[in-house]
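Undergrad: Can you read through this structure? Questions will come right after.
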Amino acid sequence: MKEFELEPGEHVVKEVRKHWFLFLSGLLPFAIIAVIPFALPKLLMLAPPLAPYASLFDYNTPLMRAALGVWLLISWTGAWNAFTRYFLNVWVLTSKRIVSIKQRGYFSREVSSLFLTRVQDVTTDVVGVLPSLIGFGTIKVQSASEEVEFIMVGIPRPEQMRDLILRYVSLEPKTTGI
């Protein structure tokens, strides 16, 4: 599926997704949720007043096996949703524009583009110890009109991406609005 058409003479310079660390940190809650039914009986056995409740988690009965299946299906669906959003949310820098593709839901997608001739300012923002060590941050691209601003959150090596955008902005001839 083609999200946008390239103009004649336009080529894709770089495609960027969120940093892999943000993807894995988004999957972590679903991994914890999937492990809960297996860990909870063992944790209940460690607390003597709650030990009798551990026998409720007998997955040999059909009802508990079905409940476990539903539980794991829900956690798998949430993890798949996180993967889908990570994979389908992409920012594309072409030789003439910046394209933002945002997957809002399974059947909802937003595609926006900003021509490089309209770019006024590119700002990077890396806040915190972990983003500084791992190397991810936010890029804000301000256009000539005040209300249009592209924000790319969680970009790996934002300084390199900013420099690449500015390099292509300087190559594009500015048009005047006369």
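The values are calculated or read from the model by the stated rules, or taken from the named source; none is laboratory data. Keep in mind that what you see is a predicted model, and the values were worked out from it rather than measured. Here the Cβ positions follow ideal geometry from the backbone for every residue, glycine too, while neighbour counts run over all protein chains shown. Accessible surface areas use protein heavy atoms only, side chains included; no ligands, DNA or RNA. Shrake-Rupley method; radii C 1.70, N 1.55, O 1.52, S 1.80 Å.
Undergrad: How about region 50-79: which of its residues are surrounded by 12 or more Cβ atoms within 10 Å (Cβ to Cβ) and β-branched (Val, Ile, Thr)?
TA: Listed by number, the list holds a single entry, Ile74.
Undergrad: Among the candidates Ile139, Ile151, Ile165, which residue alone is out of contact with any Phe, Trp or Tyr (no Cβ under 7 Å at 6 or more places or on another chain), open to solvent by 70 Å² or more (accessible area, probe 1.4 Å) and within 15 Å of Trp91 (Cα to Cα)?
TA: Values: Ile139 fails: open to solvent by 70 Å² or more (accessible area, probe 1.4 Å); Ile165 fails: open to solvent by 70 Å² or more (accessible area, probe 1.4 Å).
Only one candidate qualifies: Ile151.
Undergrad: On to the next question. Select, from Val16, Val70, Val12, the only residue that is of a type in the set (A, V, I, L, M), out of contact with any strand residue (DSSP E or B) (no Cβ under 6 Å at 6 or more places or on another chain) and at negative phi.
TA: Val70
Undergrad: Then there's this: Assess whether Leu44 counts as being over 25 Å from Val111 (Cα atoms), in a helix (DSSP H, G or I) and more than 32 Å from the chain's Cα centre (by Cα). Full working, then the answer.
TA: On the way: over 25 Å from Val111 (Cα atoms): yes; in a helix (DSSP H, G or I): yes; more than 32 Å from the chain's Cα centre (by Cα): yes.
In short, yes.
Undergrad: Restricting the search to region 80-124, which residues are open to solvent by 30 Å² or more (accessible area, probe 1.4 Å), aliphatic (A, V, I, L, M) and assigned to a strand (DSSP E or B)?
TA: Within region 80-124, just Val111 meets the criteria.
Undergrad: May I ask you to verify whether Ser25 is free of Cβ contacts under 8 Å to residues at least 12 places away in the same chain and among the small types (Gly, Ala, Ser)?
TA: yes
Undergrad: Here's a follow-up. Would you pick out the residues in region 130-158 that are within 20 Å of the chain's Cα centre (by Cα) and over 26 Å from Gln103 (Cβ atoms)?
TA: Within region 130-158, Ser132, Leu133 qualify.
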